[in-house]
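Undergrad: This is the structure, below, for whatever I ask next.
The values are calculated or read from the model by the stated rules, or taken from the named source; none is laboratory data. Predicted model, so just to flag it, every value in this text is computed and none were measured. For neighbour counting, all protein chains shown are included, and Cβ atoms are generated from backbone atoms with ideal geometry for every residue, glycine included.
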Number of protein chains: 2
Amino acid sequence: MTPSFNPPQRMLMGPGPSDVHPRVLAAMARPTIGHLDPAFVAMMDEVKALLQAAFRTGNELTLPVSGPGSAGMEACFVNLVEPGDTVVVCVNGVFGGRMKENVERLDATAVVVEEAWGRPVDLARVEAALKAHPGAKALAFVHAETSTGVQSDAAALCALAAGHGALSIVDTVTSLGGTPVLVDEWGGDAVYSGSQKCLSCTPGLSPVTFSPRAVAAMQARRSKCRSWLLDFSLLTAYWGGGAKRAYHHTAPINALYGLHESLVMLQEEGLEASWARHRKMHDALRAGLEAMGLSLPVEAACRLPQLNAVGVPAGLDEASVRQRLLERYGLEIGAGLGQLAGKVWRLGLMGNSASPLHVTTCLAALEAVLAEQGAPVTVGAALPAANRVLFG
Amino acid sequence: MTPSFNPPQRMLMGPGPSDVHPRVLAAMARPTIGHLDPAFVAMMDEVKALLQAAFRTGNELTLPVSGPGSAGMEACFVNLVEPGDTVVVCVNGVFGGRMKENVERLDATAVVVEEAWGRPVDLARVEAALKAHPGAKALAFVHAETSTGVQSDAAALCALAAGHGALSIVDTVTSLGGTPVLVDEWGGDAVYSGSQKCLSCTPGLSPVTFSPRAVAAMQARRSKCRSWLLDFSLLTAYWGGGAKRAYHHTAPINALYGLHESLVMLQEEGLEASWARHRKMHDALRAGLEAMGLSLPVEAACRLPQLNAVGVPAGLDEASVRQRLLERYGLEIGAGLGQLAGKVWRLGLMGNSASPLHVTTCLAALEAVLAEQGAPVTVGAALPAANRVLFG
């Protein structure tokens, strides 16, 4: 017989999920009610309004897709891109590559603007690609590349897209709630995120927002959306305003309780205060890491505060460091992916994991394990450096 | 400021979600750990084995898709059906119609075998359709139509498909755990379900199992799967056996805790005992409804014990009855859908909602509200009739 599952105690400082606040966990455990219950429908309206605030948008079409961040990505592409369309896709990490896959599986053409992993998207080359492909349906890019810890200039990229008559499709999975995501100010058209990063909810929901321009493009389609599940023309009849909701699929009720609670907490803290907290924790972690003698390979100007790529000292087996952190302290940090595998660790400071407790624990544990493994680290300097940032 | 959401107290006896057991809710609230954590990966293996047992299959490709039942449906079609294929689709309710949508959005041809809502799929007409369309890629049907409460003969339909060289795609969203779903015995090829019906978990996951024949068909595709998110050739690298998992998407960790717990509970009770419980609660409810003078329009031979269509007495406003049940007692029952809208209610007895408490409460509350609204019901007979079945 299989017993119940009781997870080990962990501190999550990888690329996501981040530590989920006990208030959000408690919300997930509230009794399930029906997906058409008047009380649930009223909660859906609140989730929508709270998401609009988090995205800084007035977009009517704003909802959490019932699936992981990849479902939100796929929803944007499958609703907006049709066979034969051309989409300029910026690839500077794993998630740009996934966007390309999405375009190609829709029998559309992906014009790829490639950039070295660890570098932001190059505006001049994007502009050249848009010029070389007049009539491109969309420009797709990742605001915050979770695979590298790099932030690209979303405002400039959205403006480039609009200037060339293309829609912008923007991945903000790792940025929403942690660094400014200003959908209306950017003029972003289809913007998606995830629940399990800086919103500090459990994984499984993907907030998406479409501008009126994106909605118009959806309505002007020549062909039906290829996915029934993700077809926003159907989904909005359930998520749209009004008391009379049309059943589409059974919403993940308890997951939505969790998202609601995490957005209530974000509202209580204030969006700007949350951005400032992520920035401060990053500054403290960085100060500690540098005092220890470790390097952050991403250029300071485009570093994501909530996801820190840290160079692995030469000759070190990075996997054994992660394993020891997990086994001894229950501390999870992330490995490098793709081009950066073996070269960096990824230290997440997202949502509930962006706290002095996390920064301090991570520095102390990492220093102990690195010193033990003979890495050239300065012992005893990291915590005082971090404390100066944290507590003055 | 938006306050936290506290759901009203409900008793769920609609078409799903069903009442979630406190053990499952408690599991959902356990701390989130990483989707590549060794402890989580070991739990995934248990979920897989428990699902194999629930589906009565040895299929290696057995996993919960990260989305609602409709995501499981879409996963089956998008992995198996290619543009230009022909699929025979049986439509005798809402969900057969959704299958047709799936086929057509894949640029394949749906040959529809239509049946009146409330009737099971007609075997002779399915056979004729398969004969008329040699080379059809698949036969798709709904085992347990949630919209009508009708069960079709899955064993015979799977055999017909196999006899004509077609794959069988089977919807068991409402049957899994409640009535026999015998995937290997039937010879079913792609079978999907949902977490929120007779498994009594929260909505948001869709268990799917593929036979070796379905896996071979997937591997023999001429074109890439159109969905990146649902592409089983990628997903199985994460869900597949072995300690080394390839990241695909971030799994909905806490939802999987819940599914694991609900499957552990099913194992504790025993699959056959669960089927017997659903049958007994149905017998009791039916005895009570009939004693009250209400009718069950679906023929006894193909009635789903876990979803009871009940005829609305002539001249009655069915919506006001549901509304009063919800407002007074917190009791949710389902409305009729499509062809049956206004004509039936749907009373679910699924999973944790298949209990003497639910049967008794439902009969008592329904009788009180119907009598008050002047419906021609016999008062005082329902509970004794149900009690005779429940307690002898």
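Undergrad: Looking for whichever is modelled with pLDDT of 95 or more and out of contact with any helix residue (DSSP H, G or I) (no Cβ under 9 Å at 6 or more places or on another chain) here; the options are A:Glu290, A:Glu272. Which one fits?
TA: Criteria check complete, one pass: A:Glu272.
Undergrad: Just the residues that are of a type in the set (A, V, I, L, M) and either surrounded by fewer than 18 Cβ atoms within 10 Å (Cβ to Cβ) or assigned to a loop (DSSP other than H, G, I, E, B) (or both), please, taken from the range B:290-312.
TA: Those that are of a type in the set (A, V, I, L, M) and either surrounded by fewer than 18 Cβ atoms within 10 Å (Cβ to Cβ) or assigned to a loop (DSSP other than H, G, I, E, B) (or both): B:Leu294, B:Leu296, B:Val298, B:Ala300, B:Ala301, B:Leu304, B:Val312.
Undergrad: Here's something else I'd like to know. Any idea which residue in the range A:20-32 is farthest from A:Gly351 (Cα to Cα), counting only those that are surrounded by fewer than 23 Cβ atoms within 10 Å (Cβ to Cβ) and at the interface with another protein chain (Cβ under 7 Å from one of its Cβ atoms)?
TA: Across the range A:20-32, the extreme among qualifying residues is A:Pro31.
Undergrad: With respect to A:Glu268, is the statement that it is within 11 Å of chain B (Cβ to nearest Cβ), more than 18 Å from A:Pro15 (Cα to Cα) and free of Cβ contacts under 8 Å to residues at least 40 places away in the same chain true?
TA: yes
Undergrad: For the range B:1-46, enumerate the residues that are within 25 Å of the chain's Cα centre (by Cα), assigned to a loop (DSSP other than H, G, I, E, B) and free of Cβ contacts under 8 Å to residues at least 24 places away in the same chain.
TA: Result: B:Pro7, single match.
Undergrad: For the range B:82-197, which strands (runs of 3 or more DSSP E) that fit wholly inside it have 3 or more residues that are buried (at least 19 other Cβ atoms within 10 Å of the Cβ), aliphatic (A, V, I, L, M) and modelled with pLDDT of 95 or more?
TA: Qualifying strands (runs of 3 or more DSSP E): B:86-91, B:138-142, B:167-171.
Undergrad: Let me ask something else. For A:Ala162, are the conditions met, namely being out of contact with any Pro (no Cβ under 7 Å at 6 or more places or on another chain), of a type in the set (A, V, I, L, M) and without any contact (Cβ under 8 Å) to a residue 40 or more places away in the chain?
TA: So A:Ala162 fits the description; yes.
Undergrad: Okay, moving on. Name every residue in the range A:342-380 that is free of Cβ contacts under 8 Å to residues at least 60 places away in the same chain and under 12 Å from A:Met13 (Cβ atoms), in order of residue number.
TA: Within the range A:342-380, A:Trp345, A:Leu357, A:Thr360, A:Ala365 qualify.
Undergrad: Next up: Among A:Gly288, A:Gly258, A:Gly293, A:Gly204, which is within 9 Å of chain B (Cβ to nearest Cβ), more than 24 Å from B:Phe77 (Cβ to Cβ) and touching a residue at least 60 places away in the same chain (Cβ under 8 Å)?
TA: Answer to the check: A:Gly258.
Undergrad: Given (1) at pLDDT 95 or above; (2) out of contact with any Pro (no Cβ under 6 Å at 6 or more places or on another chain); (3) surrounded by 18 or more Cβ atoms within 10 Å (Cβ to Cβ); (4) within 7 Å of chain B (Cβ to nearest Cβ), identify the lone condition not met by A:Met44.
TA: (4)
Undergrad: All but one of (1) hydroxyl-bearing (Ser, Thr, Tyr); (2) surrounded by fewer than 20 Cβ atoms within 10 Å (Cβ to Cβ); (3) closer than 27 Å to B:Ala27 by Cα hold for B:Ser262, so report the exception by its number.
TA: (2)
Undergrad: Sticking with this structure for a sec: Of all residues in the range B:1-18, which are facing chain A (nearest Cβ under 7 Å) and surrounded by 24 or more Cβ atoms within 10 Å (Cβ to Cβ)?
TA: Answer for the range B:1-18, where residues must be facing chain A (nearest Cβ under 7 Å) and surrounded by 24 or more Cβ atoms within 10 Å (Cβ to Cβ): B:Leu12, B:Gly14, B:Gly16, B:Pro17.
Undergrad: Can you report the number of residues in the range A:47-70 which are surrounded by 24 or more Cβ atoms within 10 Å (Cβ to Cβ) and either out of contact with any helix residue (DSSP H, G or I) (no Cβ under 8 Å at 6 or more places or on another chain) or without any contact (Cβ under 8 Å) to a residue 24 or more places away in the chain (or both)?
TA: Residues meeting the conditions: 2.
Undergrad: On to the next question. Looking only at the range B:246-255, which residues are without any contact (Cβ under 8 Å) to a residue 40 or more places away in the chain and either at positive phi or buried (at least 19 other Cβ atoms within 10 Å of the Cβ) (or both)?
TA: Matches in the range B:246-255: B:His248 only.
Undergrad: Right, something else. Based on this model, can you work out whether A:Gly315 counts as surrounded by fewer than 20 Cβ atoms within 10 Å (Cβ to Cβ) and in contact with a Lys or Arg (Cβ under 6 Å, 6 or more places away or on another chain)?
TA: no
Undergrad: Give the residue, chosen from A:Val78, A:Val91, that is touching a residue at least 40 places away in the same chain (Cβ under 8 Å) and either in contact with a strand residue (DSSP E or B) (Cβ under 8 Å, 6 or more places away or on another chain) or within 12 Å of chain B (Cβ to nearest Cβ) (or both).
TA: Every option except A:Val78 fails the conditions.
Undergrad: Could you pull out the residue among B:Ala144, B:Ala116, B:Ala129 that is more than 14 Å from every other protein chain (Cβ to nearest Cβ) and over 30 Å from A:Leu235 (Cα atoms)?
TA: Matching residue, one of B:Ala144, B:Ala116, B:Ala129: B:Ala129.
Undergrad: From A:Ser168, A:Ser227, grab the single residue that is touching an Asp or Glu at 6+ places or on another chain (Cβ under 9 Å), over 26 Å from A:Thr32 (Cα atoms) and within 9 Å of another protein chain (Cβ to nearest Cβ).
TA: Exactly one residue qualifies, and that residue is A:Ser227.
Undergrad: Scan the range A:334-344 for residues that are under 16 Å from B:Gly34 (Cα atoms) and crowded, with 24+ Cβ neighbours inside 10 Å and report the count.
TA: Qualifying residue count for the region: 1.
Undergrad: In the range A:229-245, which residue that is assigned to a loop (DSSP other than H, G, I, E, B) and surrounded by fewer than 24 Cβ atoms within 10 Å (Cβ to Cβ) is nearest to the chain's Cα centre (by Cα)?
TA: Here the answer is A:Asp231.
Undergrad: Residue by residue through the range A:316-339, note down the ones that are assigned to a helix (DSSP H, G or I) and within 19 Å of the chain's Cα centre (by Cα).
TA: Passing the criteria: only A:Gly338.
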